[in-house]
Amino acid sequence: MTIQFAFDPEWASVLTAPFMLNAIKAGLLISLAAGIMGYFTISRHSTFAAHALAHIGLPGATGAVLLGLPVSLGLGAFALGGALVIGALGKRVADRDIATGTVLAFATGLGLFFARLSSSASQQMQSILFGSILTITDDQIMGFAIFDAVLLLVLAVIYRPLLFSSLDEQVARAKGVPITLMNVLFMAIMAGVITIAVPAVGTLLIFALVVTPAATASMLTRSPFAAIVVSCVLCLVSIWGGLVLSAMFPTPPSFVIVTLSTLLWAVAKLVCRER
C-alpha cells in the first residue's frame, strides 16, 4: 500500500467550512492556555509531570465513555486528581518522578481496560490518543473561552509568586512564598490546559503543544514575559499552520501540528547553536 499526499485544489474552500472555522477558533484559545503554562512547565522542570497528566486522564476519558458521560468530564476529573497528588509531592524532581511514573503506568493500563469493556470506548480511543481538532463543537469552544478567562484571572493574582517559585524555589521559600500552594495551583491549572488541549492533538502528542513551543521560546528570548508571548505565538503558528497544510494536502491535522512544532524547535536549536 502506498501513501500519497495529493494536493487539494479546493483547499481554500475547506478553510471556510464550519468545522474548520471551529478548529481555527479552538486553536487560538488552546494556544493561549498552552503557551502560557508551557513556559512555567519549562521553568519549573515539570515536563514529565505535565506529560504524565495527559496519560493519567486516559482512564477518565475511556471511563466516561463507558458510563455515557462527556469525555472531557472524565478526562478533566482524572487529570485534576493526578495534578493534586503530583503537586503535593513537591517541585523537586526526585520527590515526584517515581510516584508519577507509577501512577502513569497504572492509569494507562486502567484506560486500556476500560476501553476493552465498551466497544464505543474502544472506538473513541484513537481520537483520545491522537486528537481530533476538526470535530470541536461550539460548546467546547465556549468552554475553552471560559477556561482561558479564568486562567488569565488566576494568573493576574499569582503571577509574581508563581514566577518567583518557578525560577528560584529556595529564595522564594526564604521570602515566604507558599511553595506547596504554588505547586498545587500550577498542577491544577495544568490539568485544565491538558483537558482543553487533548481534543486537538490527543494524550500521546500533547507534549508538542504544551512543552515544545515553550522550549523554543525559551531559547529565543531572555525575559519571562517575552518567552510567554513567543510561546503562545509559536503554538498558534503550529496549530493554524497545521490546519492549513492538512487542508492543502489532506492529512491528519494532529500529525502536521506536531511536525510543525517540532520543526520550529529544531530550527531554533540550530540557530542558537550557531550563535
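The values are calculated or read from the model by the stated rules, or taken from the named source; none is laboratory data. Given the structure is predicted, the values throughout are model-derived calculations rather than measurements. Glycine also receives a Cβ, built like all others from the backbone with ideal geometry; neighbour counts cover every protein chain displayed. SASA here: full protein model, heavy atoms, side chains in, ligands and nucleic acids out. Shrake-Rupley method; radii C 1.70, N 1.55, O 1.52, S 1.80 Å.
Kirkwood analysis of the range 130-186, using all unique Cα-Cα pairs, places the hydrodynamic radius at 13.4 Å. In the chain, taking the dipole from charged Cβ atoms about the Cα centre, the farthest positive-side position among Ile30, Val154, Gly241 is held by Val154. Based on alpha carbons, the Rg and Dmax found for the range 65-208 are 17.0, 54 Å. For the chain, a crude dipole built from +1 on the beta carbon of Lys and Arg and -1 on the beta carbon of Asp and Glu, taken about the Cα centre, is about 780 debye to the nearest 20.
Full extension of the chain between Leu152 and Leu167 gives 3.4 nm of extra length, using 0.36 nm per residue less the Cα-Cα distance. Taking chymotrypsin sites (Phe, Trp or Tyr not before Pro) across the range 1-74, the ones in a DSSP loop with at most 13 further Cβ atoms lying within 10 angstrom of their Cβ are Phe5, Phe7. Carbon and sulfur atoms: what percent of the 1.4 Å accessible area of the chain do they account for? C and S fraction of accessible area: 71 percent.
Our note on the geometry: Cα centres of the range 233-254 and the range 168-221, 23 Å apart.
Kindly state, to the nearest 0.05, the FRET efficiency for Leu117 paired with Thr262, given R0 = 35 Å and r defined as their beta-carbon distance.
Efficiency, rounded to the nearest 0.05: 0.50.
For a paramagnetic label modelled on Trp11 (point 7 Å from Cα along Cα→Cβ), amide N atoms under 17 Å away belong, within the range 215-255, to 237-255.
Could you tell me which residue out of Ser43, Val103, Ala217 lies farthest along the dipole of the chain toward its positive end? Charges go on the beta carbon: Lys and Arg +1, Asp and Glu -1, centred on the Cα centre. Towards the positive end, the residue furthest out is Ser43. Hydrodynamic radius of the range 159-258 by the Kirkwood approach over all distinct alpha-carbon pairs: 15.2 Å.
Using the Karplus relation 6.51 cos²θ - 1.76 cosθ + 1.60 with θ = phi - 60°, the per-residue 3J(HN,Hα) values for the range 233-248 come to 5, 5, 5, 5, 4, 5, 6, 5, x, x, 5, 5, 5, 6, 7, 6 Hz, with x marking Gly and Pro. Put simply, the Cα atoms of the chain extend 61, 51, 35 Å along their principal axes, the longest span coming first. Extension gain, Glu274 to Thr180, is 29.9 nm, computed as 0.36 nm per intervening residue step minus the present C-alpha separation.
Rounded to the nearest whole Hz, the Karplus-based 3J(HN,Hα) values (6.51 cos²θ - 1.76 cosθ + 1.60, θ = phi - 60°) of the range 157-163 follow the sequence 8, 10, 4, 5, x, 5, 5, with x at glycine and proline. Residue by residue, the range 212-224 carries 3J(HN,Hα) couplings of 4, x, 5, 5, 5, 4, 5, 6, 9, 10, 10, 8, x Hz when phi is fed to the Karplus relation 6.51 cos²θ - 1.76 cosθ + 1.60 (θ = phi - 60°); x denotes Gly or Pro.
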